[in-house]
Amino acid sequence: MKPKEFDLIIIGAGGAGLAAAMYGARLGLKTLCLGSSHGTELPLGGVITTTNVVENYPGFIRLTGTELADKIREHAESYELVTLKEEKVTDVKKDKNIFNVITENSTYEGKTIIFATGTKWRKLDVPGSKEFENKGIAYCALCDAPLFKNKIVAVIGGADSSAKDALVLAEHAKKVFIIYRGDKIRPEPINYERIMAHKKIEVINNTNVIEVKGKQFVEKVILDKVYKGSKELELQGVFVAIGHIIISDLAKKIGVKTNEKGEIILDHKTSETNLPGVFAAGDVTDKPFKQLITGVADGCTAAFSAYEYVSKNKK
Amino acid sequence: MVDKVIVYSTSSCPWCHRAHDFFKKNKINFTDINIGENQKAAKEMVKKSGQKGVPVIDINGEIMVGFDEQAIKKALKIK
């Protein structure tokens, strides 16, 4: 096999992609895993690297997301058959039974392909949200929380990630609001209890932020409902945790079927897509419960299916 | 001329770790300033970059927000 030819090419080097790489190598597949961390994209290791504390991955009672991502990456890279490259994939083309994966630096050929492209943060879209990005509006609480020491901040969103962000921020800020459009925030029960017991954190339900205002930096948000006598809430930081956008454009381009959310539709027994030789794993898929552990499981299943596909087509 | 590289970071920021790893791998000396432990440096970083996100990388006075490997290579004139 030539240097740029692989049995398996994985697009995405988060937990799911790296687990697929590790398993691909164990099954004897010459495997290339491509990730990218340019600009504001997630670093190698994926979205788990932006989680402060991971307590739901078997074998590790408590560690940081970066520590866990580093361990998964080291494990994948310990196999000689795995090549991990930090290159952004710009295009994928199908030529008979071969996939040409084009990056900003090179072109690679793969007999099979796994999309583990994950998601990106959904941006806040209200007046002031672009103007004040990084000027008080932030998307990574874990990164930027120390810049808001003794300040008043808000987290927008009501899912588990919002609760985790609020808990991280409360270590630094003097007051943390959670502003949620629904009736009741919906983190994991253990984090809900932590939020409710925390003296610095206050939840504002049934409310939307409709504008962000300030001069050089954020000074206040405008709410769509009166809160304690006013629709204006003075604060210095707004952390946005309103969900994610699926990154499935390249998969769609070659004919992979997705649902209305853009999630890749999988056969969950095999991690196969509708196209022969094309598999998917992790947050980009239509799996309802998206956790690192479920993404890693998808990655292993996809690698095994890729192995079966390569073996069958050898004959 | 020896390049003067400063990384303003926080201990739990994954992009900051990527920046540290990049400079170590390329054997480039850099000064890391953890703004979580140094409020004076945090203010300095905000003043230099006009914004409040980490990492901020100062390469010979050129200020970069975020970790962008290609932009760093260009500033350091390395491949």
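Every number in this text was worked out from the coordinates using simple rules, so none of it is lab data. Since this is a predicted model, take the numbers as computed values, not measurements. Here Cβ is always computed from backbone atoms with ideal geometry, including for glycine, and neighbour counts include all displayed protein chains.
Laid out as a table, the results:
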read-out: Residue-span extension gain [residue A:109 to residue A:130] - 0.36 nm each, minus C-alpha spacing; value: 3.6 nm
read-out: Most mobile of A:115, A:217, A:239 in a GNM of chain A (Cα contacts under 10 Å); value: A:217
read-out: Helix A:160-170 axis, angle to chain A major axis (alpha carbon atoms, nearest 10°); value: 50
read-out: Residue exposure sequence - A:160, A:224, A:283 - by fewest surrounding Cβ within 10 Å; value: A:224, A:160, A:283
read-out: Contact order relative to length of the range A:137-240, as percent, for alpha carbon pairs under 8 angstrom and 6 or more apart; value: 31
read-out: Taking A:95, B:58, B:32 and counting other C-beta atoms within 10 Å, the order from fewest to most; value: A:95, B:32, B:58
read-out: Nearest-ten-degree value, helix A:65-77 long axis tilted from longest Cα axis of chain A; value: 10
read-out: Residue A:85-residue A:228 pseudo-label distance in nm [points 7 Å out on the Cα-to-Cβ vector]; value: 5.5
read-out: Separation in nanometres of the label points that stand 7 Å from Cα toward Cβ, at residue A:216 and residue A:196; value: 4.3
read-out: Tilt relative to chain A, helix A:292-314 - C-alpha long axis, 0 to 90 degrees, to 10; value: 20
read-out: Helix-derived mean residue ellipticity, 222 nm - over the protein assembly as shown, DSSP H n ≥ 4, -39500 (n - 2.57), to 500; value: -8500 deg cm²/dmol
read-out: In the range B:4-50, trypsin sites (Lys or Arg not before Pro) in a DSSP loop with at most 13 other beta-carbon atoms within 10 Å; value: B:4, B:27
read-out: Rounded Å value of the spacing that divides the Cα centres of the range A:106-129 and chain B; value: 25
read-out: Relative contact order (%) - criterion: Cα under 8 Å, at least six apart; region: chain A; value: 20
read-out: Of A:229, A:189, A:170, farthest towards positive along the dipole that unit charges on Lys, Arg, Asp, Glu beta carbons give the range A:137-240; value: A:229
read-out: Total charge dipole magnitude, the range A:137-240, about the Cα centre, Cβ charges on Lys, Arg, Asp, Glu only, Debye to nearest 20; value: 300
read-out: Under 16 Å from residue B:77, Cα to Cα: aspartates and glutamates that are on another chain or at least 8 residues apart; value: B:3, B:58, B:62, B:68, B:69
read-out: Net charge, residue A:245 excluded, C-beta distance under 10 Å - Lys, Arg +1, Asp, Glu -1; value: +4
read-out: Segment residue A:274-residue A:183, length gained on full extension (0.36 nm per residue, minus Cα span); value: 28.9 nm
read-out: Rounded if a/c under 1.5, otherwise prolate or oblate - the range A:137-240, Cα gyration tensor axes; value: oblate
read-out: Contour excess over end-to-end distance, with Cα ends at residue A:257 and residue A:2 and 0.36 nm allotted per residue; value: 88.7 nm
read-out: Charge-dipole axis of the range B:26-79 as Lys and Arg at +1 and Asp and Glu at -1 on Cβ define it, positive-most pick from B:42, B:64, B:53; value: B:64
read-out: For the range A:187-230 versus the range A:253-315, the gap between their alpha-carbon centres in whole angstrom; value: 38
read-out: Average partner coverage of A:139-150, which counts Cβ from other chains inside 10 Å; value: 6
read-out: Formal net charge of residues neighbouring residue A:222 (Cβ-Cβ distance under 10 Å; K, R +1; D, E -1); value: 0
read-out: Ascending count of other beta-carbon atoms within 10 Å, so fewest first, for B:13, A:143, A:300; value: A:300, A:143, B:13
read-out: Among the listed pairs A:135/B:40; B:27/B:48; A:85/A:287; A:88/A:220; A:220/B:47; A:30/A:93, those beyond 29 Å (Cα-Cα); value: A:88/A:220
read-out: Net charge, residue A:94 excluded, C-beta distance under 12 Å - Lys, Arg +1, Asp, Glu -1; value: +1
read-out: Coil-residue trypsin sites (Lys or Arg not before Pro) of the range A:214-291, DSSP, other Cβ within 10 Å capped at 12; value: A:215, A:228, A:261, A:269
read-out: Candidate aspartates and glutamates for bridging to residue A:200, where Cα separation is under 19 Å - those fewer than 8 sequence places away on the same chain excluded; value: A:144, A:160, A:165, A:171, A:234
